[in-house]
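Right, one structure below, let's go through it.
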Amino acid sequence: MSVFEVRKGASPVILGFPHTGTDVPPAIWERLNDNGRMLADTDWHIHELYDGLLADATTVQATFHRYVIDANRDPGGASLYPGQNTTGLVPETDFDGKAIWKHGQAPTEADVAERLRDYHAPYHAALAAEIERVRSIHGIAILYDCHSIRSRIPFLFEGKLPDFNIGTDTGRTCDPAIEQAAVATVSSADGYDHALNGRFKGGWTTRHYGRPEKGVHAIQMELAQSTHLATEAPPFAYDRDKAERLRIHLKSILTRIEKIAHGLAR
């Protein structure tokens with residue numbers, strides 16, 4: 001089974017899904033404890049939420065779970081948020097700081113190296129190939145990295161997370177017009193709040209690929225799961241009514257970004 005799925009499109013916009021996968025190989029599954037086997041830190045239903053919002057957009061989706069290895073972490077292991085609680089390249093805990101591996105079964109350095117080779121690297125090779133393919137067509141590529149997370153996680157942040165969390169590494173990873181288009185859309189979305197480069201400034205994917213001077217722009221959208229799930233607890237069910245209200249604004253963001261891409265490519 002492939003560790004990623006690609007749907008090729010002709011739009012200048014690429015949607016990345018590094019955390020929607022739930023596949024865990026049997027040998028790794030056996031090492032997870034009961035808490036780890038809940039796979040609670042999945043970006044639940046995000047690929048469904050974005051499905052069909054932008055015609056002909058390329059999508060690159062990891063099929064493996066982030067507990068196998070996190071496709072949105074620096075392969076060298078550097079923290080994205082030094083000094084703050086977070087999870088690593090191969091997490092030892094969940095987002096609540098609770099162990100996910102059986103006693104004595106936490107991944108070793110050899111495990112990490114193997115998973116980098118077999119999962120992380122192939123996913124990013126596929127993503128990089130699609131970025132280059134799209135850029136060769138349009139002279140520009142915009143990577144929109146799709147994420148979600150529970151709205152309340154005291155281990156990671158205080159209080160309630162805003163509904164829309166836009167990350168551009170403080171403006172470094174994309175043209176200002178792209179960032180502004182996302183902010184303008186969510187600012188006018190009734191009943192929702194937002195943050196720009198707040199707790200989430202863009203993960204490794206956004207920071208690694210976002211090179212505006214080379215025609216590659218990247219932006220991360222971290223959604224609070226309360227915006228589209230019936231409950232942020234098992235079974236993490238998709239709430240279609242909530243999702244349809246949210247999809248209106250996500251479609252607007254993507255449509256605006258695509259239009260900007262055509263303008264920047266001229």
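Annotations for the structure displayed:
- In the set 227, 185, 255, only one residue is closer than 25 Å to residue 158 by Cα and of a type in the set (S, T, N, Q); that residue is 227.
- Residue 160 over 17 Å from residue 57 (Cβ atoms), open to solvent by 10 Å² or more (accessible area, probe 1.4 Å) and in contact (Cβ under 8 Å) with a residue 60 or more places away in the chain: yes
- Scanning segment 171-210 for residues that are open to solvent by less than 30 Å² (accessible area, probe 1.4 Å), closer than 18 Å to residue 224 by Cβ and over 17 Å from the mean Cα position of the chain (by Cα) yields 185, 186, 189.
- Pairs meeting the criteria (first residue in segment 168-186 and within 14 Å of residue 198 (Cα to Cα), second residue among the basic types (Lys, Arg) and in a helix (DSSP H, G or I), beta carbons under 8 Å, at least 6 apart or on different chains) are 169/207.
- Pick from segment 211-266, criterion under 20 Å from residue 46 (Cα atoms), of a type in the set (A, V, I, L, M) and part of a helix (DSSP H, G or I), ranking: most open to solvent (accessible area, probe 1.4 Å): 248
- Qualifying positions in segment 65-79 - over 14 Å from the mean Cα position of the chain (by Cα) and of a type outside the set (S, T, N, Q): 67, 68, 75, 76, 77, 78
Per-residue answers, yes or no, for (1) closer than 18 Å to residue 201 by Cα; (2) of a type outside the set (Ser, Thr, Tyr); (3) open to solvent by less than 40 Å² (accessible area, probe 1.4 Å); (4) part of a strand (DSSP E or B):
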site: 49; (1), (2), (3), (4): no, yes, yes, no
site: 54; (1), (2), (3), (4): no, yes, yes, no
site: 82; (1), (2), (3), (4): yes, yes, no, no
site: 88; (1), (2), (3), (4): yes, yes, yes, no
site: 106; (1), (2), (3), (4): no, yes, no, no
site: 115; (1), (2), (3), (4): no, yes, yes, no
site: 124; (1), (2), (3), (4): no, yes, yes, no
site: 143; (1), (2), (3), (4): yes, yes, yes, yes
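- Matching entry among 253, 219 (being of a type in the set (A, V, I, L, M, F, W, C) and either closer than 28 Å to residue 85 by Cα or more than 18 Å from the chain's Cα centre (by Cα) (or both)): 219
- Of all residues in segment 29-47, exactly one satisfies the criterion of being open to solvent by less than 20 Å² (accessible area, probe 1.4 Å), assigned to a helix (DSSP H, G or I) and farther than 21 Å from residue 227 by Cβ, namely 36.
- Scanning segment 9-23 for residues that are over 16 Å from residue 61 (Cβ atoms) and open to solvent by 10 Å² or more (accessible area, probe 1.4 Å) yields one hit, 10.
- Scanning segment 56-75 for residues that are among the small types (Gly, Ala, Ser) and not in a loop (DSSP other than H, G, I, E, B) turns up just one, 62.
- Filter result for residue 95 (over 17 Å from residue 218 (Cα atoms), in a loop (DSSP other than H, G, I, E, B), out of contact with any Asp or Glu (no Cβ under 9 Å at 6 or more places or on another chain) and not acidic (Asp, Glu)): no
- Residue match in segment 199-220 (condition: more than 18 Å from residue 146 (Cβ to Cβ) and modelled with pLDDT under 95): no
The values are calculated or read from the model by the stated rules, or taken from the named source; none is laboratory data. What you see is a predicted model; the values in this text were computed from it and never measured. Don't worry about glycine lacking a Cβ; one is built from the backbone with ideal geometry, like all the others, and counts go over all protein chains shown. With ligands, DNA and RNA removed, areas are computed over all heavy atoms of the protein, side chains included. Shrake-Rupley method; radii C 1.70, N 1.55, O 1.52, S 1.80 Å.
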